[in-house]
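This report refers to the structure that appears directly beneath it.
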Amino acid sequence: MVTVFLLTSLSCNSPADGKAAANAMPVAPYFSLADYFNQEATRLQQINPEIVKTVSKNGDEEQRKIRVANWKEEFALFIDADINKPAWQHSYRVDSTSTSLTYTSIDSTLRTKAIRLEKSETGAVIHVRVTNRVNNMLYQTDEQLDYYVDSLYRIIKAQHVRIIGKSHYTVTGKWL
């Protein structure tokens with residue numbers, strides 16, 4: 001499953017088929033994190049699970065039992081890591097097995113370095129891992145985002161700002 005293309009048959013006998021093919025929307029070249037996490041946000045908003053949310057900054061930790069008010073906001077970093085932009089169509093190497101799909105950046109300037117999807121034997125996504133990195137003259141930020149369906153999500157962020165120094169953040173949500 002290197003790249004998915006929309007295949008349409010055109011029939012000489014039916015002009016309507018040709019018109020439908022001309023109006024068909026192209027299929028995204030990569031798995032859409034934005035679509036996936038928007039769907040998950042909608043699903044979780046409906047079932048409203050209670051989670052234990054832990055936030056840590058440089059070792060100082062706070063933990064609470066909560067019900068997330070806005071899952072789209074909670075998944076914003078995952079959604080923002082979507083790699084389906086026209087300019088990036090050939091910017092990722094795709095490797096797949098029957099239970100995993102991995103996108104690895106071949107362009108060092110891109111923020112999202114890798115996305116790995118693990119799937120069950122039925123093809124359902126069970127784990128998403130995103131690796132991001134921004135490196136410039138002012139700062140370097142490394143992020144690892146993990147989502148285990150109906151179990152846990154975790155955001156680990158290490159940042160080094162030239163004048164301020166190093167900071168380490170972790171946000172974990174674990175279903176009860």
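Here are the numbers for the structure shown:
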read-out: Test result for Asp60, modelled with pLDDT of 95 or more and out of contact with any helix residue (DSSP H, G or I) (no Cβ under 8 Å at 6 or more places or on another chain); value: yes
read-out: Matching option when the condition is of a type in the set (Gly, Ala, Ser) and modelled with pLDDT under 95, among Ala34, Ala81, Ala21; value: Ala21
read-out: Answer residue from region 130-157, given it is touching a Lys or Arg at 6+ places or on another chain (Cβ under 7 Å) and more than 14 Å from Arg111 (Cα to Cα) and is modelled with the lowest pLDDT among those; value: Leu138
read-out: Options Leu110, Leu77: the member that is buried (at least 16 other Cβ atoms within 10 Å of the Cβ) and in a loop (DSSP other than H, G, I, E, B); value: Leu110
read-out: Answer residue from region 70-119, given it is over 24 Å from Val171 (Cβ atoms) and of a type in the set (Asp, Glu) and is nearest to the chain's Cα centre (by Cα) among those; value: Asp95
read-out: Test: residue in region 68-75 that is more than 18 Å from Gln144 (Cβ to Cβ) and in contact with a Leu (Cβ under 9 Å, 6 or more places away or on another chain); value: yes
read-out: Given (1) surrounded by 12 or more Cβ atoms within 10 Å (Cβ to Cβ); (2) in a loop (DSSP other than H, G, I, E, B), number of the condition Ala69 does not satisfy; value: (1)
read-out: Qualifying positions in region 52-86 - under 16 Å from Glu143 (Cβ atoms), in contact (Cβ under 8 Å) with a residue 60 or more places away in the chain and charged (D, E, K, R); value: Lys57, Glu74
read-out: Scope region 81-97; condition assigned to a loop (DSSP other than H, G, I, E, B) and surrounded by 15 or more Cβ atoms within 10 Å (Cβ to Cβ); matching residues; value: Ala81, Asp82, Ile83, Asn84, Ser91
read-out: Matching residues in region 145-176 - criterion: being of a type in the set (S, T, N, Q), without any contact (Cβ under 8 Å) to a residue 60 or more places away in the chain and crowded, with 16+ Cβ neighbours inside 10 Å; value: Gln159
read-out: Residues (among the aromatic types (Phe, Trp, Tyr), within 14 Å of Val55 (Cα to Cα) and in contact with a Phe, Trp or Tyr (Cβ under 6 Å, 6 or more places away or on another chain)) located in region 117-176; value: Tyr153
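The values are calculated or read from the model by the stated rules, or taken from the named source; none is laboratory data. Note that the coordinates shown come from a computational prediction; the quantities given were computed from them, not determined experimentally. Every residue, glycine as well, gets a Cβ built from its backbone with ideal geometry; the counts of neighbours run over all protein chains shown.
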